[in-house]
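To keep things clear, I will list the structure first and then write my remarks on it.
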Amino acid sequence: MTARRIVGTATAILLGMCVATLVLHAQGLRINLSASEPLGLYWMQPYRGETLTKGALVAFCPPIQQQDYPFTLKGDCAGGTAPFFKEVIAVPGDRVRVSVQGVFINEQLVADSQPKDHSEVTRNPLPHWWGKRVLGPGEYWVYGAGDAKNSFDSRYFGPVQAGQIQTVERAHSWNLNHATPARTNPALPAIRRG
């Protein structure tokens, strides 16, 4: 095989991979490389305001300013961040309480949910959402089950409003770490899912 033919074949393969990636992205395939949820492939669809259940995986624009938290990725959300990818662990009607001990959903402690005072990455101080409340219509409590101790989630900025949610997982996805469905991640032993 000549060098020209090798270059031509490699170019065709790369071009094909780029086209396939664009087509799959348009169909809702997302690759999660963050620690918020298990590394893997996720099939997402636009969120249209339907009521979500516990265990739903969502991408949403957080109610923060990116410049205040430089460990977050820059993106096109109103606050300058990229959308966050987290699991819904409390839905409208659930009772949420946050204290120094951690997050309680309907008086059940969520594993590894103790708020931290500062970012482990940048040492920036973190906000805290303290108190208790019943989630109202269109309010969801999110949690990063992939790296629960270090997740920047609702314990810091409070409930996510339905209007902040962009996409929701539409089908079982695959966790690249274990080649099993991502939803089998047992990071929330104290919370019943679904």
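The values are calculated or read from the model by the stated rules, or taken from the named source; none is laboratory data. All of these numbers come straight from a predicted model, not from anything done at the bench. In this analysis, Cβ positions are derived from the backbone assuming ideal geometry, glycine residues included, and neighbour counts consider all displayed protein chains. The protein model used for the area step is the full one, side chains on, heavy atoms only, and it has no ligands, DNA or RNA in it. Shrake-Rupley method; radii C 1.70, N 1.55, O 1.52, S 1.80 Å.
Odds and ends about this structure:
- Couplings 3J(HN,Hα) for region 70-81, derived from phi with the Karplus relation 6.51 cos²θ - 1.76 cosθ + 1.60 (θ = phi - 60°), are x, 6, 8, 6, 6, x, 9, 6, 3, x, x, 8 Hz, where x marks Gly and Pro.
- In a fully extended conformation the segment linking Gln45 and Val100 would gain 16.2 nm over its present Cα-Cα distance, using 0.36 nm per residue.
- A Förster radius of 25 Å, combined with the Cβ-Cβ distance separating Leu109 from Ile31, puts the computed FRET efficiency at roughly 0.20.
- Long pairs among Lys54/Lys74; Lys54/Lys86; Lys54/Lys149, criterion Cα-Cα beyond 21 Å: Lys54/Lys74
- Sparse-neighbour loop sites [trypsin sites (Lys or Arg not before Pro); region 90-173; at most 11 other C-beta within 10 Å; DSSP]: Arg123
- Trypsin sites (Lys or Arg not before Pro) restricted to region 37-85 and DSSP loop, no more than 12 other C-beta within 10 Å: Arg48
- Residue-span extension gain [Lys74 to Thr9] - 0.36 nm each, minus C-alpha spacing: 19.8 nm
- Percent carbon-and-sulfur accessible area, region 5-161, ignoring ligands, DNA and RNA, probe 1.4 Å: 60 percent
- What the phi angles of region 56-67 give under the Karplus curve with 6.51, -1.76 and 1.60, with θ = phi - 60°, is a coupling list of 5, 9, 10, 10, 8, 8, x, x, 9, 9, 4, 5 Hz, glycine and proline written as x.
- For region 45-183, the square roots a ≥ b ≥ c of the C-alpha gyration tensor eigenvalues yield an a/c under 1.5, which makes the shape rounded.
- Computed over neighbours whose Cβ is under 11 Å from that of Ser99, the net charge equals +3, Lys and Arg +1, Asp and Glu -1.
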